[in-house]
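For reference, the structure is listed below as structure tokens.
We did not get these values from a lab; they are worked out from the coordinates using the rules stated. The shown structure was predicted, so the numbers you read here are calculated from the model rather than taken from an experiment.
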Amino acid sequence: MSKDGQVARAKRDLANHLKVDESQINVKSVKSTQWPDASLGLGEPGSSFAMVMIDGYIIVLEAGGRSYTYHADEDKRVERAW
């Protein structure tokens, strides 16, 4: 999936969570990154993940005056980081 596709997934997730139309969500930034493991930077203490570098994105969206950050890979995972 493309960067735009991952941003669209994040917007759809946030719209569903906030129960608003996607048009009310703005993209503040999208930054390419390389996650050090399969947790996409969201690992919890005591949990284990495959130790493999994963290319992805940090997606910051804005809705209702608040910012929401998502971590994504380049394929299909988009995870809330808030």
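Looking at the stretch 3-80, how many pairs of lysines come closer than 12 Å at the Cα, when each pair is eight or more places apart or spans two chains?
Numbers: Lys3/Lys31; Lys3/Lys76; Lys11/Lys19; Lys11/Lys28.
The number of close lysine pairs in the stretch 3-80 is 4.
Compared with the direct C-alpha span, the chain from Trp82 to Asp55 gains 7.7 nm at full extension, assuming 0.36 nm per residue.
At a threshold of 8 angstrom on Cα-Cα distance, excluding pairs fewer than six apart, so keeping six or more, what relative contact order does the chain reach in percent? 31 percent. Between the stretch 1-33 and the stretch 61-81, how many Å separate their Cα centres? Cα centroid of the stretch 1-33 versus Cα centroid of the stretch 61-81: 6 Å apart. Per-residue ellipticity at 222 nm computed for the chain from its helices equals -6500 deg cm²/dmol, with DSSP H segments shorter than 4 residues left out and the rest contributing -39,500 (n - 2.57).
Pick from Lys31, Lys19, Lys11: which residue has the top mean-square fluctuation in a GNM of the chain where Cα pairs under 10 Å get a spring? Ranking Lys31, Lys19, Lys11 by mean-square fluctuation puts Lys19 first. Cα axis of helix 3-18 to longest principal axis of the chain: angle in degrees, 0 to 90, nearest 10? That helix lies at roughly 60 degrees to the long axis.
A Gaussian network model of the chain, with springs between Cα atoms under 10 Å, assigns the largest mean-square fluctuation among Gly43, Gly65, Gly56 to Gly65.
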